[in-house]
Amino acid sequence: MTEFFRVPTDQAPIRDQSRRWADFAEPRPFTAETLYGVEFGKGELANCLLDTCIRLDWEDLQCFEKVDCQFQRWGVTFSNAIALRPSNPAYPAYSGVMVLIGAPKSGCMEVTFLHPVRFVSGFVTASRRTVLTAFDRNNRAIVQTESSGANLANSDSHHSPNVRLSLNMPNIYRLTFNVFDGQLTLDDFCFGF
């Protein structure tokens, strides 16, 4: 299942669009403005003039299905990703029951966009610190963020599972999620143009 929010660009000048997007970024649970429960921090997206924001949901995928081109019609492909219903309670899903794991090569996952995006976000649970890196058309790293450490559920970790990692930068063509010598899951991945 894929959900998207579209800002009506033909109905208002750009200055009004940014106000609408700022309204979209206000945390309001379970409304279309927050992509059906995916909340964003106040002002986090206020400076993004996105026409479309798409959230991918893994629930229609089969357990152990290799994920690559299933979401190509939405402009995104994956490498080294498998859909999974976690049996290990340390890796809970953020919503629903399915997640993507970095496999068969553990600890990494790659996302490629058919057209450049400006915003990406996803909920990650990992056995070690996760690094999310975005690359431009020439495969140069342009922006990076990371979690503060392992965030497994029911562990001695000081961090909750499903930490949201997000990047806001024009011309993102490719992403990598890396957990060095560890495992990771990804849920409720979204991106905006």
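The values are calculated or read from the model by the stated rules, or taken from the named source; none is laboratory data. None of these values were measured; they are calculated from a predicted model. Cβ sites come from the backbone with ideal geometry, for glycine too, and all protein chains shown count toward neighbours.
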Within segment 151-193, restricting attention to residues that are modelled with pLDDT under 95 and among the charged types (D, E, K, R), which residue is surrounded by the fewest Cβ atoms within 10 Å (Cβ to Cβ)?
-> D156
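Go through segment 93-150 and give me each residue that's touching a His at 6+ places or on another chain (Cβ under 9 Å) and buried (at least 19 other Cβ atoms within 10 Å of the Cβ).
Of all residues in segment 93-150, those touching a His at 6+ places or on another chain (Cβ under 9 Å) come to 147-150.
Those that are touching a His at 6+ places or on another chain (Cβ under 9 Å) and buried (at least 19 other Cβ atoms within 10 Å of the Cβ): S147, A150.
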Among strands (runs of 3 or more DSSP E) entirely within segment 69-166, at least 3 residues that are touching a residue at least 60 places away in the same chain (Cβ under 8 Å) occur in 99-102, 108-126
May I ask you to verify whether L84 is surrounded by 20 or more Cβ atoms within 10 Å (Cβ to Cβ) and over 27 Å from N168 (Cβ atoms)?
-> yes
